[in-house]
1. Can you confirm whether region B:176-193 contains a residue that is closer than 30 Å to B:Lys100 by Cβ and within 14 Å of chain A (Cβ to nearest Cβ)?
2. Out of A:Asn197, A:Asn155, I need the residue that is in contact (Cβ under 8 Å) with a residue 40 or more places away in the chain and part of a helix (DSSP H, G or I). Which one?
3. Looking only at region A:44-54, which residues are at the interface with chain B (Cβ under 7 Å from one of its Cβ atoms) and crowded, with 20+ Cβ neighbours inside 10 Å?
4. Among residues belonging to region B:61-82 that are out of contact with any helix residue (DSSP H, G or I) (no Cβ under 8 Å at 6 or more places or on another chain) and modelled with pLDDT under 95, point out the one that is farthest from B:Gly23 (Cα to Cα).
5. Tally up the residues in region B:158-186 that are within 20 Å of B:Glu124 (Cβ to Cβ), free of Cβ contacts under 8 Å to residues at least 40 places away in the same chain, in a loop (DSSP other than H, G, I, E, B) and of a type outside the set (Asp, Glu), please.
6. Restricting attention to region A:15-30, and to residues there that are surrounded by fewer than 24 Cβ atoms within 10 Å (Cβ to Cβ) and facing chain B (nearest Cβ under 7 Å), which single residue is farthest from A:Thr69 (Cα to Cα)?
7. Restrict the check to region B:149-164 and report whether at least one residue is buried (at least 18 other Cβ atoms within 10 Å of the Cβ) and more than 18 Å from B:Glu92 (Cα to Cα).
8. Given the conditions (1) more than 9 Å from chain B (Cβ to nearest Cβ); (2) crowded, with 22+ Cβ neighbours inside 10 Å, report the number of the one that A:Tyr41 does not fulfil.
Number of protein chains: 2
Amino acid sequence: MRPQIVLFGDSITDQSFRYGGWGASLTDAYSRKADIVVRGYGGYNTRWALFLLNHIFPLDSTTPPIATTVFFGANDAALLGRTSERQHVPLEEYKENLRKIVHHLKECSPTMLIVLITPPPVDEEGRLEYAKSLYGEKAMKIPERTNEVTRTYANGCVEVAKELGVASVNIWSKMQETQGWQKKFLSDGLHLTGDGNRVVYEEVIKVFNGVWLSASEMPLDFPHHSQIDPHNPEKAFQQRCL
Amino acid sequence: MRPQIVLFGDSITDQSFRYGGWGASLTDAYSRKADIVVRGYGGYNTRWALFLLNHIFPLDSTTPPIATTVFFGANDAALLGRTSERQHVPLEEYKENLRKIVHHLKECSPTMLIVLITPPPVDEEGRLEYAKSLYGEKAMKIPERTNEVTRTYANGCVEVAKELGVASVNIWSKMQETQGWQKKFLSDGLHLTGDGNRVVYEEVIKVFNGVWLSASEMPLDFPHHSQIDPHNPEKAFQQRCL
(Lines give C-alpha, C1' and ligand atoms only; values in the text may rest on other atoms or scores of the structure.)
Protein backbone atom coordinates (compact mmCIF):
# COMPACT_ATOMS: atom_id res chain seq x y z
CA MET A 1 0.00 0.00 0.00
CA ARG A 2 1.25 3.42 -0.93
CA PRO A 3 2.17 5.68 2.01
CA GLN A 4 -0.20 8.51 2.86
CA ILE A 5 0.46 12.15 3.67
CA VAL A 6 -2.55 13.81 5.33
CA LEU A 7 -3.27 17.54 5.08
CA PHE A 8 -5.33 18.38 8.20
CA GLY A 9 -6.63 21.89 8.59
CA ASP A 10 -9.29 24.49 7.93
CA SER A 11 -10.51 26.08 4.69
CA ILE A 12 -6.97 26.89 3.58
CA THR A 13 -6.37 23.15 3.48
CA ASP A 14 -9.85 22.35 2.12
CA GLN A 15 -9.31 24.72 -0.81
CA SER A 16 -5.82 23.45 -1.57
CA PHE A 17 -6.93 21.60 -4.72
CA ARG A 18 -8.29 24.66 -6.45
CA TYR A 19 -6.39 26.28 -9.31
CA GLY A 20 -2.68 26.16 -8.39
CA GLY A 21 -3.45 24.85 -4.90
CA TRP A 22 -0.68 23.64 -2.59
CA GLY A 23 -2.37 20.27 -2.01
CA ALA A 24 -2.60 19.59 -5.74
CA SER A 25 1.06 20.56 -6.16
CA LEU A 26 2.06 18.12 -3.41
CA THR A 27 0.01 15.38 -5.10
CA ASP A 28 1.89 16.04 -8.32
CA ALA A 29 5.26 16.10 -6.56
CA TYR A 30 4.63 12.72 -4.87
CA SER A 31 3.14 11.14 -7.99
CA ARG A 32 3.53 7.34 -7.86
CA LYS A 33 5.23 7.62 -4.47
CA ALA A 34 2.77 8.77 -1.82
CA ASP A 35 -0.93 9.63 -1.72
CA ILE A 36 -1.90 13.08 -0.53
CA VAL A 37 -5.12 12.88 1.51
CA VAL A 38 -6.96 16.14 2.14
CA ARG A 39 -8.81 16.55 5.41
CA GLY A 40 -9.67 20.25 5.36
CA TYR A 41 -12.63 21.67 7.29
CA GLY A 42 -13.69 25.19 6.35
CA GLY A 43 -14.47 27.39 9.34
CA TYR A 44 -13.07 24.95 11.89
CA ASN A 45 -10.88 25.98 14.77
CA THR A 46 -8.66 23.68 16.85
CA ARG A 47 -11.38 23.17 19.46
CA TRP A 48 -13.70 21.61 16.88
CA ALA A 49 -10.81 19.80 15.15
CA LEU A 50 -10.29 17.75 18.32
CA PHE A 51 -13.62 16.00 17.72
CA LEU A 52 -12.28 14.66 14.42
CA LEU A 53 -9.00 13.19 15.65
CA ASN A 54 -10.19 9.68 16.48
CA HIS A 55 -12.05 9.45 13.20
CA ILE A 56 -9.35 10.74 10.88
CA PHE A 57 -6.42 9.27 12.80
CA PRO A 58 -7.72 6.12 14.51
CA LEU A 59 -5.21 4.86 17.05
CA ASP A 60 -5.64 1.25 15.97
CA SER A 61 -4.78 1.91 12.32
CA THR A 62 -2.23 -0.52 10.92
CA THR A 63 -1.36 1.95 8.15
CA PRO A 64 -1.15 5.41 9.72
CA PRO A 65 0.00 8.30 7.54
CA ILE A 66 3.75 8.77 7.22
CA ALA A 67 3.33 12.55 7.51
CA THR A 68 0.66 15.05 8.49
CA THR A 69 0.44 18.81 8.11
CA VAL A 70 -1.61 20.57 10.81
CA PHE A 71 -2.78 23.93 9.56
CA PHE A 72 -5.17 25.68 11.98
CA GLY A 73 -5.27 29.05 13.68
CA ALA A 74 -6.81 31.39 11.11
CA ASN A 75 -10.22 30.82 12.71
CA ASP A 76 -9.02 30.49 16.30
CA ALA A 77 -7.60 34.02 15.89
CA ALA A 78 -11.00 35.54 15.01
CA LEU A 79 -11.66 38.33 17.51
CA LEU A 80 -14.19 38.32 20.32
CA GLY A 81 -16.97 40.87 19.87
CA ARG A 82 -16.65 40.89 16.08
CA THR A 83 -18.55 39.10 13.32
CA SER A 84 -16.62 35.81 13.51
CA GLU A 85 -16.43 35.54 17.27
CA ARG A 86 -18.12 32.14 17.29
CA GLN A 87 -14.91 30.71 15.83
CA HIS A 88 -12.63 32.36 18.41
CA VAL A 89 -10.44 30.18 20.59
CA PRO A 90 -8.23 31.85 23.23
CA LEU A 91 -4.51 31.73 22.47
CA GLU A 92 -3.60 29.44 25.39
CA GLU A 93 -6.36 27.01 24.49
CA TYR A 94 -5.22 27.08 20.82
CA LYS A 95 -1.73 26.08 21.94
CA GLU A 96 -3.09 23.39 24.22
CA ASN A 97 -5.30 22.05 21.41
CA LEU A 98 -2.28 21.88 19.08
CA ARG A 99 -0.45 19.92 21.79
CA LYS A 100 -3.38 17.50 22.00
CA ILE A 101 -3.36 17.07 18.21
CA VAL A 102 0.40 16.40 18.16
CA HIS A 103 0.17 13.95 21.06
CA HIS A 104 -2.63 12.11 19.30
CA LEU A 105 -0.66 11.91 16.04
CA LYS A 106 2.43 10.65 17.88
CA GLU A 107 0.31 8.03 19.62
CA CYS A 108 -1.10 7.09 16.22
CA SER A 109 2.42 6.64 14.88
CA PRO A 110 5.63 7.54 16.73
CA THR A 111 7.48 7.85 13.41
CA MET A 112 4.96 10.17 11.72
CA LEU A 113 6.47 13.40 10.38
CA ILE A 114 4.34 16.19 11.88
CA VAL A 115 4.46 19.70 10.43
CA LEU A 116 2.59 22.49 12.17
CA ILE A 117 1.76 25.41 9.85
CA THR A 118 0.96 28.81 11.31
CA PRO A 119 -2.02 30.81 10.10
CA PRO A 120 -1.19 33.14 7.19
CA PRO A 121 -1.04 36.89 7.78
CA VAL A 122 -4.25 38.92 7.64
CA ASP A 123 -4.76 41.85 5.29
CA GLU A 124 -7.34 43.79 7.29
CA GLU A 125 -8.11 46.14 4.43
CA GLY A 126 -8.61 43.14 2.15
CA ARG A 127 -11.04 41.62 4.64
CA LEU A 128 -13.14 44.80 4.71
CA GLU A 129 -13.11 45.10 0.92
CA TYR A 130 -14.19 41.49 0.60
CA ALA A 131 -17.03 41.95 3.10
CA LYS A 132 -18.19 45.04 1.24
CA SER A 133 -18.16 43.19 -2.07
CA LEU A 134 -20.49 40.61 -0.51
CA TYR A 135 -22.75 42.68 1.74
CA GLY A 136 -22.44 46.27 0.52
CA GLU A 137 -23.33 48.85 3.14
CA LYS A 138 -24.33 46.14 5.61
CA ALA A 139 -20.75 44.85 5.70
CA MET A 140 -18.71 44.91 8.88
CA LYS A 141 -16.89 48.19 9.44
CA ILE A 142 -14.03 46.78 11.52
CA PRO A 143 -12.23 43.59 10.55
CA GLU A 144 -13.05 40.34 12.34
CA ARG A 145 -9.38 39.40 12.43
CA THR A 146 -6.23 41.50 12.78
CA ASN A 147 -2.74 40.74 11.60
CA GLU A 148 -1.32 41.61 15.01
CA VAL A 149 -3.52 39.15 16.92
CA THR A 150 -2.92 36.44 14.31
CA ARG A 151 0.83 37.02 14.87
CA THR A 152 0.43 35.85 18.47
CA TYR A 153 -1.24 32.63 17.24
CA ALA A 154 1.50 32.10 14.66
CA ASN A 155 4.12 32.52 17.38
CA GLY A 156 2.18 30.19 19.65
CA CYS A 157 2.13 27.55 16.93
CA VAL A 158 5.90 27.77 16.42
CA GLU A 159 6.44 27.59 20.19
CA VAL A 160 4.37 24.43 20.52
CA ALA A 161 6.26 22.83 17.62
CA LYS A 162 9.61 23.59 19.30
CA GLU A 163 8.36 22.43 22.67
CA LEU A 164 7.19 19.09 21.27
CA GLY A 165 10.07 18.58 18.84
CA VAL A 166 8.06 18.64 15.64
CA ALA A 167 8.57 20.70 12.48
CA SER A 168 6.86 24.00 11.78
CA VAL A 169 6.35 26.41 8.90
CA ASN A 170 5.82 30.05 9.81
CA ILE A 171 3.72 31.18 6.87
CA TRP A 172 2.71 34.33 8.75
CA SER A 173 6.33 35.54 8.73
CA LYS A 174 7.38 34.05 5.41
CA MET A 175 4.64 35.75 3.40
CA GLN A 176 5.36 39.16 4.89
CA GLU A 177 8.94 39.03 3.62
CA THR A 178 7.53 39.85 0.18
CA GLN A 179 6.53 43.39 -0.74
CA GLY A 180 2.83 43.59 -1.55
CA TRP A 181 2.04 40.29 0.22
CA GLN A 182 -1.45 41.59 1.01
CA LYS A 183 -2.73 41.25 -2.54
CA LYS A 184 -0.05 38.98 -3.98
CA PHE A 185 -0.67 36.10 -1.59
CA LEU A 186 -4.20 36.71 -0.24
CA SER A 187 -7.38 36.75 -2.32
CA ASP A 188 -9.75 38.15 0.32
CA GLY A 189 -7.32 39.20 3.02
CA LEU A 190 -7.24 35.66 4.46
CA HIS A 191 -7.41 32.88 1.85
CA LEU A 192 -4.63 32.19 -0.63
CA THR A 193 -4.09 33.27 -4.22
CA GLY A 194 -2.18 31.04 -6.64
CA ASP A 195 1.04 32.78 -5.55
CA GLY A 196 0.09 32.30 -1.90
CA ASN A 197 -0.50 28.62 -2.51
CA ARG A 198 2.92 28.45 -4.12
CA VAL A 199 4.55 29.81 -0.95
CA VAL A 200 2.84 27.20 1.22
CA TYR A 201 3.81 24.43 -1.20
CA GLU A 202 7.44 25.53 -1.32
CA GLU A 203 7.75 25.83 2.45
CA VAL A 204 6.12 22.47 3.12
CA ILE A 205 8.14 20.62 0.50
CA LYS A 206 11.29 22.23 1.92
CA VAL A 207 10.52 20.60 5.27
CA PHE A 208 9.69 17.26 3.62
CA ASN A 209 12.89 17.35 1.54
CA GLY A 210 14.94 18.19 4.61
CA VAL A 211 14.07 14.89 6.26
CA TRP A 212 13.41 11.41 4.91
CA LEU A 213 10.44 12.43 2.81
CA SER A 214 12.16 13.75 -0.32
CA ALA A 215 10.13 12.61 -3.34
CA SER A 216 13.24 12.36 -5.50
CA GLU A 217 14.67 9.75 -3.14
CA MET A 218 11.51 7.67 -2.89
CA PRO A 219 11.04 4.72 -5.26
CA LEU A 220 8.39 4.65 -7.95
CA ASP A 221 5.58 2.20 -7.21
CA PHE A 222 6.01 0.33 -10.50
CA PRO A 223 8.62 0.35 -13.31
CA HIS A 224 9.16 3.51 -15.29
CA HIS A 225 7.85 2.85 -18.78
CA SER A 226 11.34 3.19 -20.25
CA GLN A 227 12.43 0.17 -18.18
CA ILE A 228 9.83 -2.10 -19.72
CA ASP A 229 11.06 -4.36 -22.52
CA PRO A 230 8.22 -4.36 -25.03
CA HIS A 231 9.11 -7.90 -26.07
CA ASN A 232 9.24 -9.16 -22.51
CA PRO A 233 7.25 -6.84 -20.24
CA GLU A 234 6.81 -9.48 -17.53
CA LYS A 235 10.46 -9.12 -16.60
CA ALA A 236 10.24 -5.52 -15.40
CA PHE A 237 7.15 -6.29 -13.35
CA GLN A 238 8.60 -9.45 -11.85
CA GLN A 239 11.57 -7.49 -10.58
CA ARG A 240 9.62 -4.57 -9.24
CA CYS A 241 6.29 -5.67 -7.96
CA LEU A 242 5.27 -9.28 -8.35
CA MET B 1 -13.91 5.38 5.84
CA ARG B 2 -14.45 7.87 3.05
CA PRO B 3 -15.29 6.36 -0.36
CA GLN B 4 -12.55 6.40 -2.98
CA ILE B 5 -12.64 7.31 -6.66
CA VAL B 6 -9.59 6.00 -8.53
CA LEU B 7 -8.19 7.66 -11.65
CA PHE B 8 -6.37 4.87 -13.54
CA GLY B 9 -4.54 5.77 -16.70
CA ASP B 10 -1.39 6.99 -18.44
CA SER B 11 0.44 10.33 -18.30
CA ILE B 12 -2.77 12.27 -18.92
CA THR B 13 -4.00 10.91 -15.61
CA ASP B 14 -0.59 11.16 -13.92
CA GLN B 15 -0.37 14.86 -14.79
CA SER B 16 -3.92 15.61 -13.70
CA PHE B 17 -2.81 17.44 -10.53
CA ARG B 18 -0.75 20.02 -12.35
CA TYR B 19 -2.03 23.58 -12.76
CA GLY B 20 -5.75 23.37 -13.46
CA GLY B 21 -5.64 19.58 -13.73
CA TRP B 22 -8.81 17.52 -13.98
CA GLY B 23 -7.81 15.28 -11.06
CA ALA B 24 -7.30 18.27 -8.78
CA SER B 25 -10.66 19.70 -9.86
CA LEU B 26 -12.36 16.41 -9.02
CA THR B 27 -10.66 16.40 -5.61
CA ASP B 28 -12.03 19.87 -4.97
CA ALA B 29 -15.52 18.92 -6.18
CA TYR B 30 -15.67 15.89 -3.84
CA SER B 31 -14.15 17.74 -0.91
CA ARG B 32 -15.23 16.10 2.39
CA LYS B 33 -17.21 13.50 0.44
CA ALA B 34 -14.89 11.19 -1.49
CA ASP B 35 -11.13 10.79 -1.88
CA ILE B 36 -9.70 11.02 -5.36
CA VAL B 37 -6.82 8.56 -5.72
CA VAL B 38 -4.51 9.05 -8.69
CA ARG B 39 -2.99 5.98 -10.31
CA GLY B 40 -1.48 7.43 -13.47
CA TYR B 41 1.45 5.79 -15.28
CA GLY B 42 3.22 7.91 -17.87
CA GLY B 43 4.04 6.04 -21.06
CA TYR B 44 1.94 2.99 -20.18
CA ASN B 45 -0.33 1.23 -22.62
CA THR B 46 -3.14 -1.19 -21.72
CA ARG B 47 -0.85 -4.20 -22.12
CA TRP B 48 1.41 -2.98 -19.34
CA ALA B 49 -1.52 -1.71 -17.29
CA LEU B 50 -2.76 -5.28 -16.90
CA PHE B 51 0.24 -6.06 -14.70
CA LEU B 52 -0.94 -3.44 -12.22
CA LEU B 53 -4.54 -4.58 -11.81
CA ASN B 54 -4.08 -6.99 -8.92
CA HIS B 55 -1.93 -4.50 -7.07
CA ILE B 56 -4.09 -1.42 -7.49
CA PHE B 57 -7.43 -3.23 -7.34
CA PRO B 58 -6.90 -6.31 -5.16
CA LEU B 59 -9.86 -8.65 -5.43
CA ASP B 60 -9.94 -9.27 -1.70
CA SER B 61 -10.26 -5.60 -0.76
CA THR B 62 -13.02 -4.92 1.75
CA THR B 63 -13.16 -1.27 0.66
CA PRO B 64 -12.91 -1.19 -3.13
CA PRO B 65 -13.30 2.18 -4.88
CA ILE B 66 -16.85 3.30 -5.58
CA ALA B 67 -15.81 4.57 -9.01
CA THR B 68 -12.84 4.27 -11.39
CA THR B 69 -11.93 6.15 -14.54
CA VAL B 70 -9.92 4.12 -17.07
CA PHE B 71 -8.04 6.43 -19.40
CA PHE B 72 -5.67 4.59 -21.75
CA GLY B 73 -5.16 4.48 -25.48
CA ALA B 74 -2.97 7.48 -26.28
CA ASN B 75 0.11 5.21 -26.09
CA ASP B 76 -1.53 2.09 -27.52
CA ALA B 77 -2.23 4.19 -30.63
CA ALA B 78 1.45 5.03 -31.21
CA LEU B 79 2.32 3.84 -34.73
CA LEU B 80 4.49 0.89 -35.67
CA GLY B 81 7.68 1.88 -37.44
CA ARG B 82 7.81 5.33 -35.84
CA THR B 83 9.65 6.70 -32.81
CA SER B 84 7.17 5.48 -30.18
CA GLU B 85 6.50 2.04 -31.61
CA ARG B 86 7.56 0.32 -28.40
CA GLN B 87 4.34 1.58 -26.84
CA HIS B 88 2.12 0.36 -29.69
CA VAL B 89 -0.65 -2.11 -28.97
CA PRO B 90 -2.81 -3.37 -31.87
CA LEU B 91 -6.40 -2.09 -31.83
CA GLU B 92 -8.00 -5.48 -31.18
CA GLU B 93 -5.65 -6.18 -28.31
CA TYR B 94 -6.32 -2.68 -26.89
CA LYS B 95 -10.05 -3.48 -26.88
CA GLU B 96 -9.44 -6.89 -25.32
CA ASN B 97 -7.22 -5.34 -22.66
CA LEU B 98 -9.95 -2.81 -21.83
CA ARG B 99 -12.38 -5.73 -21.46
CA LYS B 100 -9.97 -7.43 -19.06
CA ILE B 101 -9.65 -4.25 -17.04
CA VAL B 102 -13.43 -3.81 -16.83
CA HIS B 103 -13.96 -7.47 -15.89
CA HIS B 104 -11.36 -7.17 -13.17
CA LEU B 105 -12.96 -4.00 -11.78
CA LYS B 106 -16.40 -5.62 -11.80
CA GLU B 107 -14.98 -8.63 -10.00
CA CYS B 108 -13.39 -6.25 -7.50
CA SER B 109 -16.77 -4.63 -6.90
CA PRO B 110 -19.95 -5.32 -8.88
CA THR B 111 -21.34 -1.91 -7.90
CA MET B 112 -18.29 0.10 -8.95
CA LEU B 113 -19.03 2.93 -11.40
CA ILE B 114 -16.62 2.39 -14.30
CA VAL B 115 -15.97 5.16 -16.80
CA LEU B 116 -13.83 4.47 -19.86
CA ILE B 117 -12.25 7.60 -21.33
CA THR B 118 -11.04 7.59 -24.93
CA PRO B 119 -7.62 8.99 -25.85
CA PRO B 120 -7.71 12.70 -26.73
CA PRO B 121 -7.26 13.78 -30.34
CA VAL B 122 -3.73 14.19 -31.71
CA ASP B 123 -2.47 17.41 -33.24
CA GLU B 124 0.17 16.00 -35.55
CA GLU B 125 1.67 19.41 -36.30
CA GLY B 126 1.90 20.07 -32.56
CA ARG B 127 3.72 16.78 -32.05
CA LEU B 128 6.31 17.69 -34.68
CA GLU B 129 6.76 21.19 -33.26
CA TYR B 130 7.21 19.76 -29.80
CA ALA B 131 9.79 17.23 -30.99
CA LYS B 132 11.67 19.98 -32.80
CA SER B 133 11.71 22.15 -29.67
CA LEU B 134 13.35 19.26 -27.82
CA TYR B 135 15.68 17.75 -30.42
CA GLY B 136 16.13 20.40 -33.10
CA GLU B 137 17.18 19.00 -36.46
CA LYS B 138 17.39 15.49 -35.02
CA ALA B 139 13.67 15.49 -34.30
CA MET B 140 11.31 13.05 -36.03
CA LYS B 141 10.05 14.27 -39.38
CA ILE B 142 6.79 12.32 -39.37
CA PRO B 143 4.58 12.15 -36.29
CA GLU B 144 4.61 9.04 -34.09
CA ARG B 145 0.83 9.23 -33.70
CA THR B 146 -1.90 10.37 -36.09
CA ASN B 147 -5.33 11.69 -35.28
CA GLU B 148 -6.94 9.27 -37.69
CA VAL B 149 -5.43 6.16 -36.10
CA THR B 150 -6.22 7.45 -32.62
CA ARG B 151 -9.83 7.84 -33.77
CA THR B 152 -10.05 4.09 -34.27
CA TYR B 153 -8.85 3.53 -30.70
CA ALA B 154 -11.35 6.09 -29.40
CA ASN B 155 -14.15 4.31 -31.25
CA GLY B 156 -12.91 0.96 -29.96
CA CYS B 157 -13.01 2.28 -26.41
CA VAL B 158 -16.61 3.48 -26.79
CA GLU B 159 -17.60 0.14 -28.36
CA VAL B 160 -16.15 -1.83 -25.46
CA ALA B 161 -17.96 0.40 -22.98
CA LYS B 162 -21.30 -0.18 -24.73
CA GLU B 163 -20.66 -3.90 -25.06
CA LEU B 164 -19.94 -4.24 -21.34
CA GLY B 165 -22.57 -1.79 -20.14
CA VAL B 166 -20.23 0.74 -18.56
CA ALA B 167 -20.04 4.49 -19.06
CA SER B 168 -17.70 6.20 -21.48
CA VAL B 169 -16.46 9.68 -22.32
CA ASN B 170 -15.40 10.31 -25.90
CA ILE B 171 -12.82 13.03 -25.37
CA TRP B 172 -11.48 12.51 -28.90
CA SER B 173 -14.81 13.68 -30.37
CA LYS B 174 -15.73 16.18 -27.70
CA MET B 175 -12.53 18.20 -28.01
CA GLN B 176 -12.79 18.45 -31.79
CA GLU B 177 -16.18 20.14 -31.51
CA THR B 178 -14.28 23.29 -30.55
CA GLN B 179 -12.57 25.43 -33.17
CA GLY B 180 -8.83 25.57 -32.60
CA TRP B 181 -8.83 22.47 -30.36
CA GLN B 182 -5.27 21.71 -31.49
CA LYS B 183 -3.69 24.50 -29.47
CA LYS B 184 -6.54 25.30 -27.10
CA PHE B 185 -6.71 21.85 -25.53
CA LEU B 186 -3.31 20.28 -26.27
CA SER B 187 0.03 21.59 -25.04
CA ASP B 188 2.31 19.42 -27.20
CA GLY B 189 -0.17 17.88 -29.59
CA LEU B 190 -1.04 15.12 -27.09
CA HIS B 191 -1.08 16.25 -23.45
CA LEU B 192 -3.64 18.65 -22.04
CA THR B 193 -3.57 22.40 -21.47
CA GLY B 194 -5.57 23.96 -18.63
CA ASP B 195 -8.53 24.29 -21.01
CA GLY B 196 -8.11 20.68 -22.11
CA ASN B 197 -8.11 19.57 -18.49
CA ARG B 198 -11.31 21.53 -18.00
CA VAL B 199 -13.01 19.57 -20.79
CA VAL B 200 -12.04 16.24 -19.23
CA TYR B 201 -13.21 17.41 -15.80
CA GLU B 202 -16.55 18.60 -17.12
CA GLU B 203 -17.21 15.44 -19.10
CA VAL B 204 -16.29 13.14 -16.23
CA ILE B 205 -18.31 15.06 -13.63
CA LYS B 206 -21.27 15.02 -16.04
CA VAL B 207 -21.17 11.20 -15.99
CA PHE B 208 -20.76 11.14 -12.20
CA ASN B 209 -23.64 13.59 -11.72
CA GLY B 210 -25.84 11.58 -14.04
CA VAL B 211 -25.75 8.57 -11.75
CA TRP B 212 -25.59 8.19 -7.98
CA LEU B 213 -22.27 9.97 -7.62
CA SER B 214 -23.37 13.60 -7.59
CA ALA B 215 -21.24 15.46 -5.04
CA SER B 216 -24.08 17.81 -4.20
CA GLU B 217 -26.22 14.88 -3.06
CA MET B 218 -23.51 13.22 -0.97
CA PRO B 219 -23.33 14.01 2.75
CA LEU B 220 -20.46 15.92 4.30
CA ASP B 221 -18.21 13.73 6.44
CA PHE B 222 -18.60 15.96 9.52
CA PRO B 223 -20.82 18.92 10.46
CA HIS B 224 -20.58 22.10 8.46
CA HIS B 225 -19.02 24.71 10.74
CA SER B 226 -22.22 26.76 10.70
CA GLN B 227 -24.05 23.87 12.36
CA ILE B 228 -21.72 23.82 15.35
CA ASP B 229 -23.01 25.58 18.46
CA PRO B 230 -19.94 27.32 19.86
CA HIS B 231 -21.31 26.91 23.39
CA ASN B 232 -22.07 23.24 22.92
CA PRO B 233 -19.97 21.85 20.07
CA GLU B 234 -20.32 18.26 21.29
CA LYS B 235 -23.93 18.22 20.17
CA ALA B 236 -23.21 18.61 16.45
CA PHE B 237 -20.53 15.92 16.57
CA GLN B 238 -22.68 13.51 18.57
CA GLN B 239 -25.38 13.72 15.94
CA ARG B 240 -23.11 13.36 12.96
CA CYS B 241 -20.18 11.18 13.72
CA LEU B 242 -19.79 9.83 17.21
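The values are calculated or read from the model by the stated rules, or taken from the named source; none is laboratory data. It should be emphasised that the depicted structure is a prediction, and the values quoted were computed from it without experimental measurement. Positions of Cβ are generated from backbone atoms using ideal geometry, with glycine treated the same way; all protein chains shown enter the neighbour counts.
1. yes
2. A:Asn197
3. Across region A:44-54, the qualifying residues are A:Tyr44, A:Arg47, A:Trp48, A:Phe51.
4. Result: B:Gly81.
5. 3
6. A:Tyr19
7. Within region B:149-164, none of the residues are buried (at least 18 other Cβ atoms within 10 Å of the Cβ) and more than 18 Å from B:Glu92 (Cα to Cα).
8. It fails just one condition, (1).
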